[in-house]
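The values are calculated or read from the model by the stated rules, or taken from the named source; none is laboratory data. Here the structure is a predicted model, which means the values were calculated and not measured. Backbone-built Cβ (ideal geometry, glycine too); neighbour counts: all protein chains shown. Side chains included, ligands, DNA and RNA excluded: accessible areas come from the protein's heavy atoms. Shrake-Rupley method; radii C 1.70, N 1.55, O 1.52, S 1.80 Å.
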Amino acid sequence: MKKKYNFSGGVKCLPINQDTNKYIINYVPYPTKFFIYVKYNTLKKNMLRVKINQKVLCGEPLTFGDSSSVPIHSPTSGLIENVEFYSKHVDLNQENIKITIISDHLEQWIRLKKINNYKLYSPKSLIKIIYQLGIVGLGGAQFSSAKKLILSINKVHTLIINAVESDPYITADYSLMHNYFNEIFIGCEIISWISKVEKILIVIQEDKIELISKIQLLIENKKLFKICILKKKYPGGSSKIIIKSLTGKEIPNGKHAIDIGYLIFNISTVYAIKRAVINGEPLIHRIISLYDYQNNLSKNFLIRIGTPINFFLNYLKIDNNLNYKIYLGGMFMKDLLTNLNYSISKDMNSILIKKYKKKNKKLINYSCINCGYCVQVCPINLLPQKLYLYSKNNNHKDAKKSYIMDCIECRICEKVCPSNINLVKYFKNEKKQQNKIKIEINQKKIFFDLFQLREKRILSQKENIYKNKNYFNHLSLIESNILEKLSTKKLISNKEIEKNIRKEILRSSIKRVKLKNKIL
Amino acid sequence: MNLSIYNNYTVKEIMFFVIIASIPAIFTECYFFGFIILIQILLFIIFSLIFEIIILKIRQKNIKNNILDNSSIVTSVLLGLSIPCTLTWWMIIIGAFFSIVVSKHLYGGLGQNIFNPAMIGYAVLLISFPLYMSSWNKENTNLFSLNDLKTSINKIFFKTSKSDFLISSDPEDFTEATPLNDLKNKSYYNYDISLKNLTSQNKKITVFSAYNYINISFLLGGFFLLYKKIICWRIPFSFLFSFFFLSVINFLFSINPIVSPFFHLFSGGTMICAFFIATDPVTTSYSNIGKIIFGSIVGLLVYIIRNYSDYPDGVAFSVLFGNMLVPLIDNFLKTSGYGHRDI
Ligand code: SF4
Ligand code: SF4
């Protein structure tokens with residue numbers, strides 16, 4: 001047996017049977033209305049490309065992108081009904097823009113540029129294609145893949161393909177590997193051709209035995225590929241933890257995995273890159289797994305981005321009445337869905353449906369008994385009970401010293417806590433406070449800099465004037481006879497000095513305005 | 001609660017398992033020392049619950065939730081197991097008061113206390129009533145004292161004559177809570193060579209064997225707790241290892257060896273300390289290395305107190321001293337988070 005990689009912390013989960021989830025259900029009918037949510041703060045930089053009552057084709061870009069955000073494509077052909085502000089379901093403070101598209105059920109595509117031999121193209125042009133077709137990391141972070149690839153050129157030596165699904169109820173990646181492995185293979189080769197890596201590691205968890213043997217057969221005579229088996233534990237899917245368990249190194253704080261020579265891609269991103277480069281398709285599908293407690297099965301669906309969840313559940317004949325609770329995300333990282341009109345977005349992984357039970361047992365919150373279960377379980381060596389104390393008592397300094405910003409909100413510490421404390425709730429709140437403090441400190445710094453600049457400017461102006469005055473007095477006293485000769489010249493120079501002073505004032509004011517813009 | 005994770009307990013369940021694990025020890029103590037032990041434990045539970053209700057009323061907390069966490073019952077069971085069987089009811093009240101009110105609720109309730117509540121109660125009783133805490137019942141020569149329910153009730157509530165309880169101050173008499181004190185006396189005076197009293201010899205054997213059996217039953221309970229993963233193996237094993245190691249050194253290198261290290265392991269309160277008292281989660285360090293340090297410090301202190309001080313069994317004081325060091329240990333063992341090491 002091969003070596004199994006492991007990481008400290010984490011919990012073992014009970015397995016569920018995986019008979020029904022090998023297959024992807026390809027066909028979900030198109031709803032009449034698609035809702036697409038664009039983040040507002042990115043939209044300020046990238047303008048909208050469409051107007052209300054404009055016809056769009058399937059795959060047409062709706063926005064211009066910029067360096068940090070990629071264009072977003074229309075999932076269907078039809079009419080744009082409305083563009084409006086809207087707040088996301090979870091975070092009410094974050095303003096989004098919502099684009100409503102009425103589909104005409106004709107499925108007219110734009111012309112797709114197919115590439116048969118990608119090796120004829122330079123890496124830069126391939127990256128441009130990937131950027132224009134709107135591919136982001138589908139693991140949940142939504143980091144632009146094109147940017148990652150640009151950064152990685154001539155810097156990385158290993159490509160890590162992340163096929164780990166720590167959550168026991170998500171099987172989307174598993175079914176993707178099962179059905180489309182050849183395409184993923186091509187995707188890996190494309191990425192390795194772009195960023196010239198020496199090794200490709202496919203990371204997979206130990207319980208998928210069938211799949212592992214299948215991949216091992218396929219990669220037997222290929223030197224580049226290697227398979228790594230990770231222990232079945234929650235959480236294994238985060239890139240930080242994968243790198244730590246594979247290599248023993250940690251990503252330095254504030255840096256990216258690329259900086260230590262590793263490029264990490266989620267398996268569905270690799271698949272999307274292949275579709276984009278070879279078939280020319282923009283990213284408008286994604287695979288979502290749905291776990292239904294009632295029928296006790298988890299299924300995977302290929303769904304268009306923008307399909308309202310309401311419609312999707314109706315199609316599956318799942319009644320969303322008060323007896324059920326619908327969550328986004330898996331068993332651990334779930335968020336309660338409050339708005340059923342919310343649509344499927346690029347960073348969504350799975351939908352969880354739970355039966356709502358009237359609680360017979362009351363969950364009593366005891367106080368923390370310092371048992372240390374949470375410390376042993378935390379995958380990144382934090383001290384949750386200390387953080388809980390600090391954040392409860394508003395002790396921001398010590399909370400920052402105990403590295404609260406590193407917490408990945410995996411919620412295991414909350415699950416194992418015998419006192420049923422909602423630890424992550426406190427951490428989220430504390431993180432918000434920390435961010436506020438950070439912004440405040442930054443603002444103070446900038447204003448202080450501005451103040452100093454202003455002082456300097458005024459001082460230099462005074463000095464200039466003082467110097468000039470002295471200079472003239474000096475001249476007039478000593479070289480009085482030459483003064484008459486130079487009178488015309490002096491007048492000119494006097495004017496020049498004044499000009500210089502004015503220029504300097506202007507320059508400093510421009511500097512000030514620029515700095516102010518930076519703050520805002 | 002959550003079906004997808006193994007070994008997920010609530011506070012209530014943890015405390016309940018501790019009570020279950022101490023049942024064999026209760027039975028062996030009953031077998032050797034009579035029903036008086038059961039009555040003492042019951043009295044402790046009743047008084048500590050009463051004190052808890054009163055103080056919760058004063059602090060205006062939810063009485064039902066706070067009592068249901070079983071922690072005060074655990075404290076009183078452990079306290080009842082560690083005291084000798086000569087205490088009367090008003091001493092029990094004092095012990096319960098100090099363990100519940102002073103050491104727990106004055107520090108801020110469950111989870112905030114620095115010192116182990118049971119050991120605070122024990123230490124207070126030991127300091128204030130040293131004679132009672134170190135004297136032994138005279139009628140305990142026969143092993144089968146299960147029938148003396150009436151006499152034991154009489155002893156606790158209606159103590160009539162002092163001579164019934166306290167043994168005359170002959171130095172050769174065996175009058176201590178644990179056989180350890182006898183060893184101490186021997187090492188100082190060498191009495192056992194000059195005076196040989198048959199009855200005291202007989203009693204010595206019974207009590208020696210009783211303490212062996214009690215320690216073994218605590219060991220069984222401790223293994224049950226380890227199997228259920230309620231306590232971590234680090235504290236008991238580091239404690240036992242350091243204690244055993246030091247006594248082996250003492251045994252091998254001292255001029256006139258007195259007791260074997262195995263005798264030290266199975267006498268007095270060694271096992272109850274290792275598995276039940278030192279592993280109290282509230283007052284111990286949370287990190288793995290900190291637990292090992294804490295355990296070995298307690299082991300060292302127990303060794304020192306037993307061998308070089310005037311107290312026969314140093315469990316209570318060494319645990320309390322270890323508790324004092326815990327915040328210091330925790331402060332110096334902060335973990336590094338993620339990705340901060342290299343900078
Ligand atoms: S939620 Fe944060 S503190 Fe808790 S286990 Fe996960 S990373 Fe650690
Ligand atoms: S698991 Fe809960 S009770 Fe235990 S130390 Fe952590 S926060 Fe406290």
Being within 11 Å of ligand 1 (Cβ to nearest atom) and away from chain B (no Cβ under 14 Å) narrows it down to one residue among A:Lys436, A:Lys445, A:Lys428; which is it? A:Lys428
Is it the case, given these coordinates, that A:Asn422 is within 16 Å of ligand 1 (Cβ to nearest atom), under 29 Å from A:Lys334 (Cβ atoms), open to solvent by 50 Å² or more (accessible area, probe 1.4 Å) and touching an Asp or Glu at 6+ places or on another chain (Cβ under 9 Å)? yes
Looking at A:Lys196, A:Lys214, A:Lys222, A:Lys299, can you tell me which residue is touching a helix residue (DSSP H, G or I) at 6+ places or on another chain (Cβ under 8 Å), modelled with pLDDT of 80 or more and more than 14 Å from every other protein chain (Cβ to nearest Cβ)? A:Lys214
Taking only region B:61-77 into account, find how many residues are assigned to a helix (DSSP H, G or I) and touching a Phe, Trp or Tyr at 6+ places or on another chain (Cβ under 6 Å). 1
Sort out which residues of region B:87-100 are surrounded by 24 or more Cβ atoms within 10 Å (Cβ to Cβ) and not small (Gly, Ala, Ser), and write them in order of number. B:Ile92, B:Ile100
In region A:77-100, anything at pLDDT 85 or above and in contact with a Ser or Thr (Cβ under 6 Å, 6 or more places away or on another chain) is listed as A:Gly78, A:Glu81
For B:Ser103, indicate whether it is open to solvent by 10 Å² or more (accessible area, probe 1.4 Å) and away from chain A (no Cβ under 14 Å). no
Given the criteria in a strand (DSSP E or B), open to solvent by 10 Å² or more (accessible area, probe 1.4 Å) and closer than 25 Å to A:Ile129 by Cα, does A:Ile278 qualify? no
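Every residue, every condition in (1) in contact with a helix residue (DSSP H, G or I) (Cβ under 8 Å, 6 or more places away or on another chain); (2) modelled with pLDDT under 85; (3) open to solvent by less than 10 Å² (accessible area, probe 1.4 Å), yes or no:
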{"residue": "B:Ser285", "(1), (2), (3)": "yes, no, yes"}
{"residue": "B:Ile292", "(1), (2), (3)": "yes, no, no"}
{"residue": "B:Gly314", "(1), (2), (3)": "yes, yes, yes"}
{"residue": "B:Met324", "(1), (2), (3)": "no, no, no"}
{"residue": "B:Ile343", "(1), (2), (3)": "no, yes, no"}
Going through A:Lys317, A:Lys232, A:Lys255, A:Lys249 one at a time, which residue ends up being at pLDDT below 85, surrounded by 17 or more Cβ atoms within 10 Å (Cβ to Cβ) and charged (D, E, K, R)? A:Lys232
Residue match in region A:377-396 (condition: at the interface with chain B (Cβ under 9 Å from one of its Cβ atoms) and among the charged types (D, E, K, R)): yes
Give just the number: which of (1) more than 16 Å from ligand 1 (Cβ to nearest atom); (2) open to solvent by 20 Å² or more (accessible area, probe 1.4 Å); (3) closer than 30 Å to A:Pro75 by Cβ does A:Phe312 not satisfy? (2)
Looking only at region A:390-418, filter to residues that are more than 9 Å from ligand 2 (Cβ to nearest atom) and among the aliphatic types (A, V, I, L, M); which one of those is most open to solvent (accessible area, probe 1.4 Å)? A:Met405
Within the bounds of region A:182-194, is there any residue that is surrounded by fewer than 23 Cβ atoms within 10 Å (Cβ to Cβ), out of contact with any Pro (no Cβ under 8 Å at 6 or more places or on another chain) and outside any helix (DSSP H, G or I)? no
Within region A:354-409, how many residues turn out to be acidic (Asp, Glu) and under 25 Å from A:Lys244 (Cβ atoms)? 2
Need the failing condition index for A:Ile351 against (1) more than 14 Å from every other protein chain (Cβ to nearest Cβ); (2) closer than 20 Å to A:Ser238 by Cβ, just the number. (2)
Select from region A:389-411 the residues that are within 9 Å of ligand 1 (Cβ to nearest atom) and either within 16 Å of B:Tyr338 (Cα to Cα) or modelled with pLDDT of 85 or more (or both) and list them in ascending order. A:Ile404, A:Asp406, A:Cys407, A:Ile408, A:Glu409, A:Cys410
In this structure, is A:Leu383 open to solvent by less than 20 Å² (accessible area, probe 1.4 Å) and either more than 23 Å from the chain's Cα centre (by Cα) or within 16 Å of ligand 1 (Cβ to nearest atom) (or both)? yes
Which condition does B:Ile58 not pass, out of (1) among the aliphatic types (A, V, I, L, M); (2) assigned to a helix (DSSP H, G or I); (3) open to solvent by 50 Å² or more (accessible area, probe 1.4 Å); (4) touching a residue at least 24 places away in the same chain (Cβ under 8 Å), if it passes all the others? (4)
Looking at region A:120-164, which of its residues are buried (at least 17 other Cβ atoms within 10 Å of the Cβ) and small (Gly, Ala, Ser)? A:Gly134, A:Gly137, A:Gly139, A:Ser144, A:Ser145, A:Ala146, A:Ser152, A:Ala163
Among the listed residues A:Val197, A:Val164, which satisfies the condition of being within 30 Å of A:Gly10 (Cβ to Cβ), in a loop (DSSP other than H, G, I, E, B) and in contact with a His (Cβ under 9 Å, 6 or more places away or on another chain)? A:Val197
Quick one: B:Asn8 ticks every box in (1) in contact with a helix residue (DSSP H, G or I) (Cβ under 7 Å, 6 or more places away or on another chain); (2) away from ligand 1 (no atom under 16 Å from the Cβ); (3) at negative phi bar one, so which box is it? (2)
